[in-house]
Amino acid sequence: MFGNLFGKKAEASTAAGASRGLGGFRLGGAVVVDALLFKANAGAFGFEPPAGDQPIEALGTVDLGGGTFLYRWYVEDDAWYQVKATAGQVDEIKLFVFADTINPPTVDAFRQWVEPASDLGKPALTFNGRTYSRVWGDGAANAWAPPIVYDESVTHPAGGPADFTMTHYSMLYEREVEGLPGRFEYLFVTAEDYGPNNFDIVYSLGTDVSDADLSLT
């Protein structure tokens, strides 16, 4: 999955510096997540966290407007950390693991994922036997909601793969984890348009983490 996601043709080439970003992450660095929560609640989550020291191989940046940004730090073993920040202050950190990828063969097949009544935007989705409720979307809770559209600019360490920009059509879902009141597992589904004929539908599973859960180098 990781090679597929970052092996696309570049739209731009930007040298990636080694300075630390918000939350302490940096391109070319590494991150370890404390797996105690998952070990102590075996089977409660639909995914396993990345094991051991994970090199940070790419950074995706999303400008949400109003001084709010998403910083997505992609690591070696098909996982990523999303830091949401407003006015330079960290609001939250989430860990996601890539869970499945679908490759629409044509533009028409891709469009079917972002049109009304598609799975992407339904009030609830079942994935790997678990049901997740939609988090985003205005209007009636039992009606389809259009995915959120935004661009993500992806950069790499100097000398690495070429940088690029892609367009997302995304929806976030969640479920409360059994036996862990107040702890949510997220299902993030996004239709990725790399243009002109490269498309992916990506499912990721994740949960909230804090800086105390992470060791960064």
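The values are calculated or read from the model by the stated rules, or taken from the named source; none is laboratory data. In this text, all values refer to a predicted model and were calculated from it rather than measured experimentally. We place every Cβ from the backbone using ideal geometry, glycine too, and count neighbours over all the protein chains shown. For accessibility, only protein heavy atoms count, side chains too; no ligands or nucleic acids. Shrake-Rupley method; radii C 1.70, N 1.55, O 1.52, S 1.80 Å.
A few remarks follow.
- Placing +1 on each Lys and Arg Cβ and -1 on each Asp and Glu Cβ, with no other charges, gives the chain a dipole about its Cα centre of roughly 80 debye.
- Rounded, prolate or oblate (a/c below 1.5 giving rounded, otherwise prolate when a/b exceeds b/c) for the range 95-217 by Cα gyration tensor: oblate
- The convex hull built on the alpha-carbon positions of the range 63-163 has an orientation-averaged projected area of 9.0 nm².
- Choice from ASP91, ASP138, ASP100 with maximal GNM fluctuation in the chain (Cα, 10 Å cutoff): ASP138
- Difference of contour (0.36 nm per residue) and Cα-Cα distance, ASN197 to ALA30: 56.8 nm
- Radius ratio Rg over Rh of the range 75-120, counting only Cα atoms, Kirkwood formula for Rh: 1.15
- Volume per residue for the range 35-105 equals 137 cubic angstrom (convex hull of Cα atoms).
- Fully extending the segment from ALA124 to ASP108, taken as 0.36 nm per residue of separation minus the present Cα-Cα distance, adds 3.3 nm.
- One Cα centroid belongs to the range 82-96, the other to the range 135-154; the line between them spans 19 Å.
- Prolate/oblate/rounded call for the chain, Cα gyration tensor, a/c under 1.5 rounded: oblate
- The residues of the chain present an accessible area of 47 Å² per residue when probed at 1.4 Å with all protein chains retained.
- In a reduced charge model with +1 at each Lys and Arg Cβ and -1 at each Asp and Glu Cβ, the range 119-196 shows a dipole moment near 300 debye about its Cα centre.
- Value of [θ]222 nm, deg cm²/dmol, for the chain, DSSP H segments ≥ 4, -39500 (n - 2.57) each, nearest 500: -1500 deg cm²/dmol
- Sum of side-chain charges, LEU22 neighbourhood, beta-carbon under 13 Å (Lys, Arg +1; Asp, Glu -1): +1
- Highest-fluctuation residue, PRO116, PRO146, PRO157 considered, GNM on the chain with Cα pairs under 10 Å: PRO116
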